[in-house]
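Let me begin by presenting the structure, written as structure tokens, before commenting on it.
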Amino acid sequence: MVLTDLPPGKRATITNLSIMSELLKQRLIDMGIHEGEEVCVKCTMPFGGPVMVEVGGQCICLRRKEAACIGVE
């Protein structure tokens with residue numbers, strides 16, 4: 001399952017970041033998104049817009065393309 005599959009309000013644990021490029025992976029790690037961290041989907045914007053998630057007490061908006069590369073369980 002990937003992050004974009006979660007409905008708003010649900011929590012999951014990040015399990016896989018290896019699908020994306022190293023540059024993007026490092027940027028997400030710098031923002032606090034890393035394997036083993038709990039993430040909650042706050043809302044998804046319509047028409048393929050960004051996904052707002054909460055990680056470590058802060059809200060972050062990710063492109064839907066990037067969120068689809070984050071494996072969760």
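If the chain were replaced by its equivalent ellipsoid, with semi-axes equal to the square roots of 5 times the Cα gyration tensor eigenvalues, what would those be, largest first, whole Å?
Equivalent-ellipsoid dimensions as semi-axes: 16, 13, 12 Å.
Starting from the coordinates of the alpha-carbon atoms of segment 29-71, obtain the Kirkwood hydrodynamic radius over all distinct pairs and give the value in Å to one decimal. Mind showing how you got there, number by number?
Values: mean 1/r = 0.0939 Å⁻¹.
By the Kirkwood definition, the hydrodynamic radius is 10.6 Å.
How large is ³J(HN,Hα), in whole Hz, for each residue of segment 12-19 in order, when computed from phi with the Karplus curve 6.51 cos²θ - 1.76 cosθ + 1.60 and θ = phi - 60°, using x for Gly and Pro?
So the J values, rounded to whole Hz, are 8, 9, 6, 10, 8, 10, 6, 6.
What is the list of residues in segment 10-38 whose amide nitrogen lies under 12 Å from a point 7 angstrom out from the Cα of Met1, following Cα to Cβ?
What the label zone holds, given the 12 Å backbone N cut-off, is 10-15.
Between Ile19 and Cys43, what is 0.36 nm times their sequence separation minus the Cα-Cα distance? Round to one decimal in nm.
Full-extension gain reported as 6.3 nm.
With θ set to phi - 60° and the Karplus curve 6.51 cos²θ - 1.76 cosθ + 1.60, what are the ³J(HN,Hα) couplings of segment 46-56 in order, to the nearest whole Hz, using x for Gly and Pro?
x, 6, x, x, x, 10, 9, 10, 10, 9, x
Coordinate-derived values only; no laboratory data. Keep in mind the model is a prediction, meaning the values are calculated, not measured. Note: ideal-geometry Cβ built from the backbone for every residue, glycine included; neighbour counts use all protein chains shown.
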